[in-house]
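First comes the structure, then the notes that go with it.
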Amino acid sequence: MFYAYQIKSLEAYRELYKKSVTHPENFWSDVATHFQWHRKWDKVLDWSFAEDDLHIEWFKGAKLNITENCLDRHLPVNGNKNAIVWVPNNPDDRCRILTYNVLFKKVCQFANVLKNNGVKKGDSVCVYMGMIPELAIAMLACARIGAVHSVVFGGFSAKSIAERIHDCQARHVITCDGSYHGAKIVPLKDIIDDAVITCPEVERVIVRTRTHTPVSMIKGRDVWWEDEIAEVESLGMENCAAEDMDAEDPLFTLYTSGSTGKPKGVVHATAGYMVYTAYAFVNVLQFDPRDVHFATADIGWITGHSFVVYGPLLAGGTTIIYEGIPVYPDASSLWKIVERFHVNSLYTAPTVVRSLMSYGDEPVDKHDTSSLKVLGSAGEPLNDEAWHWYHQKIGKGKAPVVDSWWQTETAAPMISSLAGVTPGVPGWATLPLPGVQPVLVDSEGKEINEQVASGNLCIRFPWPSIIRTTFGDHERFKQAYFTTFPGYYFTGDGASRDEAGNYKLTGRVDDVLNVSGHRIGTAELENAINMHNGVVESAVVGYPHALKGQGIYAYVIFKSGHQIDEKEVRQNIAATVSRIIGAIAKPEKIQFVPALPKTRSGKIVRRILRKIAENDLENFGDISTLQDTEIIDTIVQGRL
Ligand code: ATP
Ligand code: MG
């Protein structure tokens, strides 16, 4: 029943796409009937993108609870099916398996714990945990009682957490004593203690045991997860009725990665998020309810929210939660998981593919990856070389690669091939999903009607899971997405379109280079550089150039263990770029670096590299979202 809306052929895609544009309300109301509602909607969509009348409401009047769609409705037939398979960081530890029955019970119990601790419908709850099943349980428990979860990635510092707690006005925090991250233990509770010093509004911290790291527990404020569960058990509070939520009630707040500046607290609404996320998950991956799905993203990012937790559970599938990192204890950990659990769909990010590729084929060759039917990627452009390696080496040339473009603000893939149904093209995100109306606009904000074109990527019509506001700052929401090009949702990204209607992401509009009047996207240039033998990864930015307007400055990571003649390699890289794009795109400066500044979600932060290239070393802006700030000094020292 639920899978009735899965698109099975290119013709069906085309037909549905047409319908979704000509009759969007009918289209989405057909999809929405496949979910469980307490009450159906009065109106499918009410909207305006006009700046002075900005509003977006989907399924107005409807009542529901997303957890009934993730859990309750699977129980009668699939209660004993695996919902979550948890793989610990340390390979000698035991995996945990939670069936839908078990997950349901744990969610209800913890929902009661939240109630006992004073969490009410509409309250923000900050969740700062490692990748353990309890993180998903905490999110679902919030949703069960109508609290708004705000998950903060478990790698953020005390200061960043404090900012987010303030920003979303959370009075409750859920954390762990610590978390395992490769060979490291991150003392989560300690970090929370530091954060909470500046957040007197926090009344309760619930701590789940994981690493047995010593922690201080403040009387009256801090409680153990396990004790609280024992309490609800002793009271016989096994069940927890699902709160009756309005379609537009917020489901969660989640901060963007911070690639381009200060992160935005993106707010998503319950019904629209549920409908679009499930729709995209099932279609992009061509998911089958018997499939085992493994997304490597941390749950603290949108890919984790939608493709580790909500998407697979809405689809009634099995989702793997991996506590560790792809290169611990060695570069074969993902392939080991794929082999052991017969993973059918693997979803990861280009940074992971590039990093694993740099270890060569041996870690993959040791393992049987033949269960894989789909390989997904999101977060950054997937360059050609990585695409081919992923496809050939991991997918054995059979599993289609889906490169899907989305944002925290869109909640789920918007432009993507549908695995094996619509064609995948290396370097291209390809076609919009039904219901998604992308347009390219020029610098004046005029829609470009030529079929083959490049421009600013905007969306001209709402889709159900569009961002509703930025938490506590509606003005910023307007400014960030609806002011630059009036009447459109502006993505901040640039794109090209081909004859067949495929879209290729060319990079952030702010990062575009302008060399002798030619606009060159970062994606295309980096793609060319990455094709050169021995290059692991690269990032390009522009810097002021007397003749050309902008010169190209490239930062390149070369395969470790290779002694290189830097001058010669620079010339060779320039020759490769010249051959692939043209002499115009030859970088003037090529600096070899051991690593690139990346967000904690693994994306290259070009704004910092641009400052270094421009020799503006005073103010790097918000660097709190960086994985490793020391790399900035190293790069500055090696500046050309
Ligand atoms: P911030 O908005 O704070 O600068 P961010 O944009 O990196 O951070 P996310 O929402 O995690 O935060 O990332 C969305 C962005 O990632 C997109 O706008 C786009 O630039 C990039 N992106 C995502 N998927 C793809 C893809 N398949 N191809 C190319 N770029 C992608
Ligand atoms: Mg963004």
Note, ³J(HN,Hα) from phi for the stretch 238-249, Karplus 6.51, -1.76, 1.60, rounded to Hz, x at Gly and Pro: 7, 9, 8, 4, 6, 4, 7, 9, 6, 3, 8, 4
Over the chain, the sum of -39500 (n - 2.57) across DSSP H runs of at least four, divided by residue number and rounded to 500 deg cm²/dmol, gives at 222 nm -8500 deg cm²/dmol
Using a Förster distance of 45 Å, the FRET efficiency for Gln563-Ser216 (Cβ separation, nearest 0.05): 0.35
Using +1 at the Cβ of each Lys and Arg and -1 at the Cβ of each Asp and Glu in the chain, identify which of His293, Ala399, Gly220 lies farthest towards the dipole's positive end. Ala399
For the chain, what % of the accessible area comes from carbon and sulfur atoms, probe 1.4 Å? 49
Which far-off residues, 5 or more places away or on another chain, put their amide H under 5 Å from the one on Phe558, with H placed in the peptide plane? Val536, Val593
What ranking do 327-338, 387-398 get when scored by the average of other Cβ atoms within 10 Å per residue, highest first? 327-338, 387-398
For the pair Asp30/Lys60, report the inter-label distance in nm, with labels modelled 7 Å from Cα in the Cβ direction. 2.4
The stretch 426-524, Kirkwood Rh and Cα Rg, ratio Rg/Rh at 0.98
Once label points are set 7 Å from the Cα along Cα→Cβ at both Thr629 and Lys366, what is their separation, rounded to one decimal in nm? 3.7
Please find the FRET efficiency linking His388 to Lys81, where r is the Cβ-Cβ separation and R0 is fixed at 41 Å, and quote it to the nearest 0.05. 0.70
Would you mind working out the magnitude of the charge dipole of the chain relative to its Cα centre, with +1 at each Lys and Arg C-beta and -1 at each Asp and Glu C-beta, to the nearest 20 Debye? 720
Rounded to whole Hz, the Karplus (6.51, -1.76, 1.60) HN-Hα couplings of the stretch 566-577, x for glycine and proline: 4, 4, 5, 5, 4, 5, 5, 5, 4, 5, 5, 4
Return one quarter of the surface area of the convex hull spanned by the alpha-carbon atoms of the stretch 114-163, equal to its mean projected area, in nm². 3.6
In Å, the C-alpha Rg and Dmax of the chain are 23.9, 77
At q = 0.16 Å⁻¹, work out log10 I(q)/I(0) for the stretch 350-444 with the Debye formula, treating every Cα as an identical point scatterer and leaving solvent out; two decimals please. -0.69
Whole-Hz ³J(HN,Hα) for each residue in the stretch 370-386, computed from phi via Karplus 6.51 cos²θ - 1.76 cosθ + 1.60 with θ = phi - 60°, x for glycine and proline: what do you get? 6, 6, 5, 10, 9, 10, x, 8, 7, x, 8, x, 8, 5, 3, 4, 5
Can you give me the accessible area per residue for the chain, using a 1.4 Å probe, in Å²? 37
Between Arg290 and Asp46, what is the FRET efficiency for a Förster distance of 30 Å, r being their Cβ-Cβ separation, to the nearest 0.05? 0.20
Just to check, using Stokes-Einstein with a Kirkwood Rh over alpha carbon pairs, what's the diffusion coefficient of the stretch 516-637 at 4 °C and 1.567 mPa s in µm²/s? 87
Net charge near Ala539, counting Lys/Arg +1 and Asp/Glu -1 over other residues with Cβ under 9 Å of its Cβ? -1
Quote the relative contact order of the stretch 229-286 in percent (integer), defining contacts as alpha-carbon pairs under 8 Å separated by 6+ residues. 27
For peptides 576-582, 65-71, 317-323, sequence by mean Cβ density within 10 Å, most packed first: 65-71, 317-323, 576-582
In vacuo Debye sum over C-alpha of the stretch 164-235, base-10 log of normalised intensity I(q)/I(0) at q = 0.15 Å⁻¹, listed in q order, is -0.52
For the stretch 516-637, with only Lys/Arg (+1) and Asp/Glu (-1) charged at the beta-carbon, what is the dipole magnitude about the Cα centre, in debye rounded to 20? 400
Show me 553-561, 224-232, 268-276 ranked by packing, highest mean number of other Cβ atoms within 10 Å first. 268-276, 553-561, 224-232
For the stretch 206-321, what is one quarter of the convex hull surface built on the Cα atoms, given in nm²? 11.0
Amide H contacts of Arg208 (H built 1.01 Å from N, under 5 Å, at least 5 apart or other chain): Thr175, Cys176, Asp177, Trp225
Over 31 Å between Cα atoms, which of Lys63/Lys115; Lys19/Lys106; Lys120/Lys262 qualify? Lys19/Lys106
Determine the gain in length on full extension of the stretch Thr22-Glu233; use 0.36 nm per residue of separation and subtract their C-alpha separation, reporting nm with one decimal. 70.7 nm
Which far-off residues, 5 or more places away or on another chain, put their amide H under 5 Å from the one on Tyr503, with H placed in the peptide plane? Ala429, Thr430, Leu431
Full-stretch length increase - Lys589, Leu547 - with 0.36 nm per residue and alpha-carbon distance subtracted: 13.6 nm
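The values are calculated or read from the model by the stated rules, or taken from the named source; none is laboratory data. Here the structure is a predicted model, which means the values were calculated and not measured. Using ideal geometry, Cβ is built from the backbone for each residue, glycine included, and neighbour counts are taken over all protein chains shown. Each accessible area value is taken on the protein alone, full model and side chains, heavy atoms only, with ligands, DNA and RNA left out. Shrake-Rupley method; radii C 1.70, N 1.55, O 1.52, S 1.80 Å.
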